[in-house]
1. Size of the dipole of the protein assembly as shown about the Cα centre, Lys and Arg at +1 and Asp and Glu at -1 on the beta carbon, nothing else charged, in debye to 20?
2. ³J(HN,Hα) across the stretch B:63-68 via Karplus (A = 6.51, B = -1.76, C = 1.60, θ = phi - 60°), whole Hz, x for Gly/Pro?
3. In Å³ and rounded to a whole number, note down the convex hull volume per residue for the Cα atoms of the stretch B:110-228.
4. Between the stretch B:170-197 and the stretch A:238-269, what's the alpha-carbon centroid distance in Å?
5. What share of the DSSP beta bridges in the protein assembly as shown is antiparallel, in percent to the nearest 5?
6. For a label point 7 Å from the Cα of C:Gln14 along Cα→C-beta, name the residues of the stretch C:195-215 whose backbone N is under 14 Å from it.
7. Where does each of B:Ile164, B:Ile72, C:Ile5 land when they are ranked from fewest to most other beta-carbon atoms within 10 angstrom?
8. Show that you can apply the helix-only estimate: for chain C, add -39,500 (n - 2.57) for every DSSP H stretch of four or more residues, divide by all residues, and state [θ] at 222 nm to the nearest 500.
Amino acid sequence: MASSSRLAIADTTEAIPAISTADLHKHYGGLEVLKGIDFHANDGEVVAILGASGSGKSTFLRCLNLLELPSAGRLHIFGEEVKLRPGDANLRIADRKQIDRLRTQVAMVFQNFCLWSHMSVLDNLMEAPVHVQRRGRAEVRDEAETVLKRVGLLERANAYPAQLSGGQQQRAAIARALVMKPRVLLFDEPTSALDPELVGEVLKVMRDLAAEGRTMLIVTHEMAFARDVSSRILFLEKGRIEAEGSPQQLFGGGVNERFDQFISRFSQG
Amino acid sequence: MDWPFLLDVFHQLLSGLPLTLQLAALSLSVGFVLAVLVAAAVGSPFPPLRWVARAHVELFRGTPLLVQIFLIYYGLGQITPLRQSFLWPFLREPYWCAILALALNTSAYTAEIIRGAVQAVPAGEVEAARACGMSGFMLRRRIIWPIALRQGLPVYGSEAILMIKATSLASIITLTEVTGIAYKLISSTYRVLEIFVVTGAIYLTLTFLLSSALSLAERRLHAHHKPS
Amino acid sequence: MNLGIIELLGFGSQGWGGPLLKAAGVTLAAASCGFFLGSLLGICGASLKLARAGVLRTIGHFYTTVFRGVPEILVVYLFYFGGSVVLTNAMNSGGFPGFYSLPAFAIGVIAVGVVSGAYQTEAFRSAFLRLDRGQIEAGTACGMSKLLLLRRIIAPQTLRVALPALGNIWQSVLKETSLLSVIGLTELLRQAGTAAGSTRQPLLFYGAAAVMFLIIGRITGLILTRMENHLAKPWRR
């Protein structure tokens with residue numbers, strides 16, 4: 001259904017990847033979590049990042065937004081190289097302004113929602129656009145209300161996060177990311193902290209976003225969702241890219257033995 | 001640095017140390033006994049007893065210690081029957097007035113600590129004991145008090161440290177404990193910083209020793225939590 | 001007893017009601033200023049103790065250890081005598097002979113502020129450490145600068161968590177101001193002492209001072225609880 005339009009966008013903009021990394025490394029003390037990741041995501045692609053816990057998939061995603069600083073390697077966002085300089089163990093931020101600007105274009109949705117607990121839902125949405133992007137309040141409010149309506153939370157705009165269910169909180173967190181008008185959306189296990197009956201409402205919102213042709217990188221354990229919605233699968237194991245390809249290829253089986261093992265472990269529960 | 005002067009100050013201050021320690025030890029022990037009674041009264045089924053106990057806690061926690069000391073030292077003499085009683089030879093003395101005020105003060109705080117510690121005993125553990133047929137004194141002695149002691153000890157430790165510091169107020173009603181001596185030295189020599197440093201070091205040593213002793217006791221009590 | 005209790009505590013020409021009420025105002029003013037100074041020092045102290053540089057942490061640790069471990073009255077003496085020594089030396093060397101001292105109110109505020117600052121340091125520090133890291137991370141991920149994060153996320157959340165502890169510190173600050181009577185500040189206790197001395201009614205006047213301390217503590221405590229409830233509103237379900 002929507003996959004054809006998405007592929008069309010991917011084809012036209014293949015020249016400049018939205019995000020690319022070259023030989024990205026990350027270690028904590030002696031533990032090497034990422035062992036050289038070469039990756040790129042094109043505009044309009046939906047990449048599902050899969051892997052067992054401890055494979056480095058979350059760390060990789062967090063490196064893309066510089067929530068974790070890589071130990072070595074290079075990172076480009078829309079062709080712009082993120083300025084990093086050598087540090088003790090990890091690279092250091094060389095240009096804080098550049099990072100803060102790029103972060104508004106690469107929005108993050110967290111496993112634990114991380115809505116600011118002292119603000120209402122609407123204030124959560126307006127916070128970064130007004131104070132970081134310095135957009136006009138009225139415009140941001142309109143935009144925020146449109147986005148809230150879209151995720152089905154307009155009537156809870158004045159509620160505080162503690163008054164919402166987990167599914168509602170995560171939808172609000174996705175809305176918060178969207179109001180910044182980011183060019184890439186990063187999802188770090190967005191449904192892992194939810195009760196099973198609340199997973200569906202969040203996945204539905206994400207499905208809609210994917211159908212719009214948004215660039216999304218999703219770390220997830222929802223195998224069916226990854227298979228149906230993503231345009232590409234990235235399978236990490238022990239800090240390396242073990243397999244990469246379209247969901248049809250990989251889920252068809254026989255491409256990569258470890259991926260097949262991983263999937264079979266999942267389907268057994 | 002004028003070492004001979006510092007050493008001289010130190011020696012003079014040390015002569016007040018026994019009095020400081022006496023005030024702290026006596027008022028803490030009398031205060032603890034009082035606190036147990038007050039805590040029991042707060043939890044008693046007899047309303048007037050509860051009211052008196054609550055008023056006691058409220059009064060001594062809600063007013064400054066120095067006001068309490070003055071009330072006792074200057075105020076009690078106004079009560080004629082008291083002046084004629086056998087207690088008067090004691091209550092005339094600043095020493096006993098200080099101990100009485102300090103003990104009453106700490107008893108109010110300690111009663112609250114005891115109450116909080118007993119309330120923090122997990123209901124499930126009490127139920128388990130009742131299910132085994134324990135009740136009354138045995139339930140308290142075997143289950144509630146030992147658990148409450150472990151909960152309350154750290155808080156009581158900081159109360160004891162506050163009391164060591166509070167004994168310094170006895171100097172205001174003429175007792176020459178450590179702070180009283182420090183005051184005399186400061187006002188006669190005006191070498192403020194040096195005397196402050198030496199006096200402060202003495203109090204810090206006392207509180208350090210006390211908190212070390214308490215954490216040792218805590219570690220012993222919590223030995224069962226250690227992975228074997 | 002020539003005068004009844006009503007006359008003694010009343011507002012007539014023989015009554016001590018007026019002076020006592022004024023002294024209560026001084027107590028409240030000294031406590032408020034001292035607490036506010038303590039808040040500033042507490043924020044600085046907490047920043048020091050949370051700093052990355054070991055030297056700064058040591059300074060912060062030294063501050064809280066000393067001023068929480070030493071009797072308050074000794075700190076009052078330190079600033080009272082120390083302040084006049086410094087001021088007199090400065091004036092004498094500037095060509096003004098004689099003996100000078102700072103006003104008791106200023107000394108009192110500084111002494112109370114420095115002590116409560118040490119306690120407030122701990123309150124702010126532990127509140128900050130109890131913050132959910134995710135709240136800060138979400139801000140970082142939106143591109144917030146450190147200052148913006150501090151102002152919009154960290155400060156309001158830390159204050160909420162620290163408020164109950166700050167309320168307790170306020171109550172001790174209020175009571176601590178009674179120590180300033182020994183350096184000549186006419187606050188509640190000193191005024192009560194003056195009245196007690198001239199009427200020979202110590203029980204009555206120290207009792208009145210105690211009641212006034214209780215009332216001030218109660219009222220300010222209620223206000224603080226209100227504030228706490230107001231700030232806690234977002235967290236109620």
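Every read-out reported here was derived from the displayed coordinates using simple, explicitly stated rules and does not represent laboratory data. Computed from a predicted model, the values in this text were never measured in an experiment. Don't worry about glycine lacking a Cβ; one is built from the backbone with ideal geometry, like all the others, and counts go over all protein chains shown.
1. Numbers: 70 positive and 53 negative charges, 223 e Å.
So the dipole magnitude of the protein assembly as shown works out to roughly 1080 debye.
2. 10, x, 4, 5, 4, 5
3. Numbers: hull volume 15.8 nm³, N = 119.
With only Cα atoms used, the stretch B:110-228 gives 133 Å³ per residue.
4. 79 Å
5. Details: 23 of 40 bridges.
Once the DSSP bridges in the protein assembly as shown are tallied, antiparallel ones form about 60 percent.
6. Answer for the stretch C:195-215: C:199-201.
7. Details: B:Ile164 21, B:Ile72 24, C:Ile5 11.
Placing the least packed residue first, the sequence is C:Ile5, B:Ile164, B:Ile72.
8. Working: 10 runs with 181 residues, N = 237.
Helices in chain C give a 222 nm mean residue ellipticity of -26000 deg cm²/dmol.
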